[in-house]
1. Under the condition of being at pLDDT 95 or above and of a type in the set (Ser, Thr, Tyr), which residue from the range 258-294 is nearest to the chain's Cα centre (by Cα)?
2. Would you check if LEU171 is within 20 Å of PHE193 (Cβ to Cβ), in contact with a helix residue (DSSP H, G or I) (Cβ under 9 Å, 6 or more places away or on another chain) and surrounded by 16 or more Cβ atoms within 10 Å (Cβ to Cβ)?
3. Tell me, which residue of the range 306-319 that is of a type outside the set (S, T, N, Q) and over 23 Å from THR122 (Cβ atoms) is surrounded by the fewest Cβ atoms within 10 Å (Cβ to Cβ)?
4. Residues in the range 121-180 that are charged (D, E, K, R), more than 16 Å from LYS257 (Cβ to Cβ), modelled with pLDDT of 95 or more and not in a helix (DSSP H, G or I): how many?
5. Which condition breaks for VAL212 when tested against (1) surrounded by 18 or more Cβ atoms within 10 Å (Cβ to Cβ); (2) assigned to a loop (DSSP other than H, G, I, E, B); (3) of a type in the set (A, V, I, L, M)?
6. How many residues does the range 131-164 hold that are closer than 23 Å to LYS196 by Cα, of a type in the set (D, E, K, R) and surrounded by 14 or more Cβ atoms within 10 Å (Cβ to Cβ)?
7. Looking at the range 65-102, which of its residues are among the aromatic types (Phe, Trp, Tyr) and at pLDDT below 65?
8. What is the one condition in (1) at pLDDT 95 or above; (2) more than 22 Å from the chain's Cα centre (by Cα); (3) of a type in the set (Phe, Trp, Tyr) that TYR108 does not satisfy?
Amino acid sequence: MSEKITNFLSSFGLMITGALILFAGTVSFTMARQPAAVARLPSANGQPASIVASAPAPARASAGGDIPIVFPVSRPSVPILKEAVEFGNPLTAAAAVAVDDDTNTVLYQKNASASRPLASITKLMSALVLSDLPLRWASTTIVEEDDLDSGSHQINSGESYTLEDLWQVALISSSNSAVHALVRASGITAEQFVLKMNDKARALGLASLHFVEPTGLDNQNVGNALDVARLLKAALKVDRIYRALQTGEYYATPLNKSARHRVWTTNWLLTNWVPNRFDKDLLVGKTGYITSSGYNFSVRITGERDHTIRVVILGASSNESRFSEAKSIAEWAFGHYAWPNDAGYALATP
């Protein structure tokens, strides 16, 4: 009997020992599988942070507290002036601005917030409003005496045109008469049309722009160079506007007359009458002039490295100087700024 008890106790002891060994191994294994402490980013607005660092928490600083997580320094993908060289060429323009077309970064400015008469740059807004209206461009209208402007001779009273023809003449050769005919044919009054121009300016956030008529002949059509650059960008998003302003030469054909009227663009950079090396397939702009405004010009230019900027000249002293000054500013910007896809951009100093 005592032998049986001894054997039982011996077997029971072995079972207990094995269970203890197994338990110890399980605890050791479980502890080894626990994840290391993680460092979490601060929560935002009381919500848990969504990013968790997988590395162990950083060691405590010697003075106490956690070592902060350091993120790599980032920089915006905008053109950066490669060196501290200011545009030094003299300008006759009362105001000017150059803006990167993609990011709207201002590359150069002179009196860019000063309000100036817009002259025929007004027609960019008129074109936007006409584009919003349900016009049938193949329909026709006869030019009336009241449409004519004494300084605009591209079309004549009594001639019948499609609205498409009038559109081309209005934007390519900046015809005030063609704009008046289009507004008359739009189906709304001139007063309603001007209200739509100002509503459109507010909708686009162009606070400095104000209009009293659709051609630019009135010096109360005003705005600053920065808003003109924004207006140009908005207008060129409309394919009908872009294609007209990119046309160098056009023949207007009255339906009731045999003679055609040949008109030229007023943009001397596009025709190369002011020689330049810009990409003519992508060069598009709008001019303006009345006595009180001086010579105005707004243009989108693409350089040899495929960078695109918008340049606005307001109040230049002569017809040619508005183009030569826009060219000069653009060449300086293309030469002195680095764009994100340029070699050496990372080394440029913001």
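1. Here the answer is THR287.
2. yes
3. Per the stated criteria, the residue is ASP306.
4. Residues meeting the conditions: 1.
5. (1)
6. The number of residues fulfilling the criteria is 3.
7. If the condition is that a residue be among the aromatic types (Phe, Trp, Tyr) and at pLDDT below 65, then PHE71 is the only one that fits.
8. Status for TYR108: all satisfied but (2).
The values are calculated or read from the model by the stated rules, or taken from the named source; none is laboratory data. Because the structure is a prediction, the values reported are computed rather than measured. Cβ sites come from the backbone with ideal geometry, for glycine too, and all protein chains shown count toward neighbours.
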